[in-house]
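The values are calculated or read from the model by the stated rules, or taken from the named source; none is laboratory data. In this text, all values refer to a predicted model and were calculated from it rather than measured experimentally. Protein only, heavy atoms only, side chains kept; ligands, DNA and RNA dropped before computing areas. Shrake-Rupley method; radii C 1.70, N 1.55, O 1.52, S 1.80 Å.
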Amino acid sequence: VILMTAWGSIQLAVQGMQAGAFDFITKPWNNVALMQRIETALELTSQDKKAAVPVEDNDGFDRSHIIGKSKALMDVLATIKRIARTNASVLITGESGTGKELIAEAVHLNSSRSKKPFVKVNLGGISHTLFESEMFGHKKGAFTDATADRVGRFELADKGTIFLDEIGDLDLSCQVKLLRVLQEQTFEVLGDSRPRKVDIRVVSATNLRQMVQEHTFREDLFYRINLITVHLPALRERREDIPLLVRHFADKQCESNGLSKVEFTSEAMDYLSRLPYPGNIRELKNLVERTLLVSGKEI
């Protein structure tokens, strides 16, 4: 079911999605966007009726340097394989350091947009005063420091995928502006009142449910970016992947620093596999690289 609603009835649409509706579209809607949503709904419904297709090493699925073979990780990749070729928006959740950016890139690389731009935006690093200029662009003279035209991130991502990292860091005023672009697929460059069309797929990353419950993140925006949710397991939930990750990080570090390939003793690998890793894969990577650089010998 796809709900159609006026802007004043967004709360009813959100309640409908909570009850099981696929998506909602505000009036007046864009016919092309409406047909894309219906096509996506049909594709996902058709795929839901099929058994999950496992990811094989030789099936053409681009893992984008994602290392591991644990069941927890393979379940995530199987989901990516199913939904990558649709235009469904994807929300990637998980602890810091679990590899959300790599999963977002895998969504793009395995989509029909793979030859088009993949634009990454860390929204946590953009102040609310610069949000419109960064995301929508500006014309020369639009404000005091606008000494030249600037192309915004949405325009750069046209026909491709935009990855909105740390979307939970957006303040409420910026959330409203972002929602309108995602809903209408149009935006206005600062200093130019002409609306511009954009065709993008949105992949976001953060952990928003608590923020929605606390009313610090708009519920309607949450459902706009959360058509498909992919949750990444913490490293402690996929410990069987640690030896593969250690080997990968060690080989890359040796290659980039001109070091001879190192071997890990079974005791060292057992020790690394038992650590808690609150920083997840990022912490493991730093530990391996730091150990190699300061030891200068086999581990």
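Points to keep in mind about this one:
- Computed 3J(HN,Hα) for segment 260-272, one whole-Hz value per residue from the Karplus formula 6.51 cos²θ - 1.76 cosθ + 1.60 where θ = phi - 60°, is 6, 4, 9, 10, 9, 5, 4, 5, 5, 5, 4, 5, 4, glycine and proline marked x.
- Less than 5 angstrom separates the built amide H of ALA146 from those of GLY141, all sequence-distant by 5 or more or on a different chain.
- Taken over the alpha carbons of segment 240-280 as equal point scatterers, the Debye sum produces base-10 log I(q)/I(0) values at 0.18, 0.22, 0.32 Å⁻¹ of -0.55, -0.77, -1.10.
- Residue-normalised accessible area of segment 138-217, expressed per residue, 1.4 Å probe, Å²: 51 Å²
- ³J(HN,Hα), Karplus 6.51/-1.76/1.60, whole Hz, each residue of segment 178-189, x for Gly, Pro: 5, 4, 5, 5, 5, 6, 9, 6, 9, 8, 10, 6
- Of all accessible heavy-atom area on segment 105-186, the percent that carbon and sulfur account for (1.4 Å): 47 percent
- Rh (Kirkwood; distinct C-alpha pairs) - segment 78-199, Å: 15.4 Å
- Within segment 125-236, DSSP assigns beta bridges of which about 45% are antiparallel (rounded to the nearest 5).
- Proportion of all alpha-carbon pairs of segment 206-261 beyond 19 Å (%): 57 percent
- Scanning residues 5 or more positions from SER204 or on other chains, those with amide H under 5 Å from its amide H are VAL90, LEU91, ILE92, LEU164, with H placed 1.01 Å from N in the peptide plane.
- Semi-axes of the equivalent ellipsoid of segment 195-299 are 39, 18, 11 Å, computed as sqrt(5λ) over the eigenvalues of the C-alpha gyration tensor in descending order.
- Pair-distance distribution P(r) for segment 149-252, from all Cα-Cα distances in 5 Å bins starting at 0: 2, 10, 17, 19, 14, 12, 9, 8, 6, 2, 1, 0 percent.
- Over segment 221-299, accessible surface divided per residue gives 55 Å², non-protein components excluded, 1.4 Å probe.
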